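Before any comments, here is the structure.
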Amino acid sequence: RAGGWGWGAMRVEVSAKAYTTLLLHALKYPHAAVNGLLVGGAQVTSVTVEEAVPLLHSGLELAPMLEAALAQAEAHYAAKGMKVVGYYHANERHADNELGGAARAVADTVTSACAGAAVLLVDSVALGESLGQGGAGKVAVRLCSREGAKWKAREGDERLQVAPTAPKLLAGYYAERRHRQVVDFDDHLEDVGRDWLNNGDRLCA
């Protein structure tokens, strides 16, 4: 239906672990489009994002891969009492704050499988500012809302609540080059011994 899944009242709370993980994924591949899943819990009027699960960086139009990754992530996090509650995306082009065709298709796939799911878009300009001197408090993701057939990413949406410590933690992790430790589903397919489902615990330890 138009307007998506109750977005007028939906609040999205993002933990520091989820925020830093998804942005470290984007920072590892600054010249590529990247995406991933958001996992946590959902209530009637809110979504709580506890973890981010990096998926792809080499191509977003790979439906069989997406379905396989979604199934694995759902099974893994169900054992921890969590479920898939959303999707995140970072564009290849700097200052691009629109969901392109491939990203919209993935967002539609995730939200159709997970009613009420949240969609976050990385704001690359804000990300750069947040890592600079004096900008450590700046939030570098935008909440996307479904409006008819399109998704709109709005800056400063009050429904999006990021843990206050998250931007400063991200700056510290980036300075320590923790983005190099991110393992996404693409990496796992190249070497199945690499763990793509526990990035948050590894990166934020």
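The values are calculated or read from the model by the stated rules, or taken from the named source; none is laboratory data. As the structure is a prediction and not an experimental result, all values here were calculated from the model. With ideal geometry, Cβ positions are generated from the backbone for all residues, glycine too; neighbour counts draw on all protein chains shown. Each accessible area value is taken on the protein alone, full model and side chains, heavy atoms only, with ligands, DNA and RNA left out. Shrake-Rupley method; radii C 1.70, N 1.55, O 1.52, S 1.80 Å.
Anything in segment 71-107 that is at pLDDT below 90, under 24 Å from Leu189 (Cα atoms) and out of contact with any helix residue (DSSP H, G or I) (no Cβ under 7 Å at 6 or more places or on another chain)? List them, or say none. Listed by number, the residues that qualify are Ala102, Ala103, Arg104, Ala105, Ala107. The set of residues in segment 3-33 that are open to solvent by 50 Å² or more (accessible area, probe 1.4 Å) and either at pLDDT below 95 or assigned to a loop (DSSP other than H, G, I, E, B) (or both) comprises Trp5, Gly8, Ala9, Arg11, Pro30, His31.
When residues in segment 120-141 are screened for being assigned to a helix (DSSP H, G or I) and either open to solvent by less than 60 Å² (accessible area, probe 1.4 Å) or under 25 Å from Thr45 (Cα atoms) (or both), 7 of them pass. Being more than 22 Å from Val14 (Cα to Cα) and without any contact (Cβ under 8 Å) to a residue 60 or more places away in the chain is a description that does not apply to Glu98. Scanning segment 98-119 for residues that are farther than 11 Å from Leu37 by Cβ and in a loop (DSSP other than H, G, I, E, B) yields a total of 5.
The residues on offer are Val192, Val183, and the sole one that is part of a loop (DSSP other than H, G, I, E, B), open to solvent by less than 30 Å² (accessible area, probe 1.4 Å) and either of a type in the set (A, V, I, L, M, F, W, C) or farther than 18 Å from Ala26 by Cα (or both) is Val183.
Of everything in segment 69-92 that is in contact with a strand residue (DSSP E or B) (Cβ under 7 Å, 6 or more places away or on another chain) and of a type in the set (Gly, Ala, Ser), the residue that is surrounded by the fewest Cβ atoms within 10 Å (Cβ to Cβ) is Ala73.
Can you find even one residue in segment 84-101 that is basic (Lys, Arg) and closer than 21 Å to Asp195 by Cβ? Before you say what the answer is, go through the steps one by one.
Here is the first cut: in segment 84-101, the residues basic (Lys, Arg) are 93.
Next, from what is left, pick out any that are closer than 21 Å to Asp195 by Cβ: none.
For segment 84-101, residues basic (Lys, Arg) and closer than 21 Å to Asp195 by Cβ: absent.
The number of residues in segment 34-68 being among the polar types (S, T, N, Q), free of Cβ contacts under 8 Å to residues at least 60 places away in the same chain and open to solvent by less than 20 Å² (accessible area, probe 1.4 Å) comes to 1.
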